[in-house]
Amino acid sequence: SVTVTDVLLVEASGSAVVNGTIKSLSATDFLVNIDRIPEWAFVVQLKGLLNDSTRSLAGQFQRQSPTQQQGSRVTITAQPNNTIEPGIPFHLNFTLATNATGGSYTIRARTDRSFNVSFPSSLNLGTEGSAEGTVTLTPPSDTASGTDVTLTIEAEDSGTGDSNYMALRFTVMTK
């Protein structure tokens, strides 16, 4: 059996380490909570004990992801209304923000039900590092009441490729 003792996010430069909190769900499943991710590129490091019934002492092991990860510097936030009406355009305002230098971000929006969606093709964050946008979602007028739909909004920095997304779930309800 295996006992996971540490899950760490280690900056590639080695200058910062973020410890995860481990919860054992079963003999083979573990849930790790990470409070924050490093600002720069990082690797995931796993440490633990290998309990072998043929040995009196558990053997230590350590594994590290072969690729570096990088957290996104852009966030997308919105205050959703959980219900929308068939045939009536719903306007969702969202905020795009970054803790890096502004830039031009390509915007994409779609639903899992192919509802009509309109959105700005790009937003410029400028020197203040944030911008507002609006996505308009229109369920077809014959959409059954109680239908759930997921709207995904994506933003990608045209220069660096940094990207992020948010997904919101709505229920179509007739009044």
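The condition of being β-branched (V, I, T), in the same structural domain as A78 (by TED's automatic domain parsing), in a strand (DSSP E or B) and loosely packed, with under 15 Cβ neighbours inside 10 Å holds for only one of T150, T127, T101, that being T150.
Give the residue that is modelled with the highest pLDDT, with candidates limited to residues of the range 129-175 that are charged (D, E, K, R) and over 23 Å from the mean Cα position of the chain (by Cα). The extreme case among them is D142.
Among the residues of the range 105-124, those identified as among the basic types (K, R) and over 22 Å from K175 (Cα atoms) are R108, R110. If you scan the range 79-104, which residues turn out to be under 16 Å from F170 (Cβ atoms), touching a Ser or Thr at 6+ places or on another chain (Cβ under 7 Å) and at pLDDT below 95? Matches in the range 79-104: N82, T83. Of T134, T143, T138, all but one fail to be loosely packed, with under 14 Cβ neighbours inside 10 Å, assigned by TED's automatic domain parsing to the domain that holds I88 and among the β-branched types (V, I, T); the exception is T134. On inspection, S121 qualifies as without any contact (Cβ under 8 Å) to a residue 40 or more places away in the chain, of a type in the set (S, T, Y) and surrounded by fewer than 17 Cβ atoms within 10 Å (Cβ to Cβ).
Among the residues of the range 72-89, the one identified as part of a loop (DSSP other than H, G, I, E, B), closer than 18 Å to A109 by Cβ and small (G, A, S) is S72.
Do we find that A109 is among the small types (G, A, S) and not assigned by TED's automatic domain parsing to the domain that holds T152 in this structure? So A109 does not fit the description; no. Checking each residue in the range 1-58 for being among the β-branched types (V, I, T), surrounded by 13 or more Cβ atoms within 10 Å (Cβ to Cβ) and part of a loop (DSSP other than H, G, I, E, B) picks out I34, I37.
The values are calculated or read from the model by the stated rules, or taken from the named source; none is laboratory data. In this text, all values refer to a predicted model and were calculated from it rather than measured experimentally. Cβ coordinates were reconstructed from backbone atoms using ideal geometry, including for glycine residues, and neighbour counts include every protein chain displayed.
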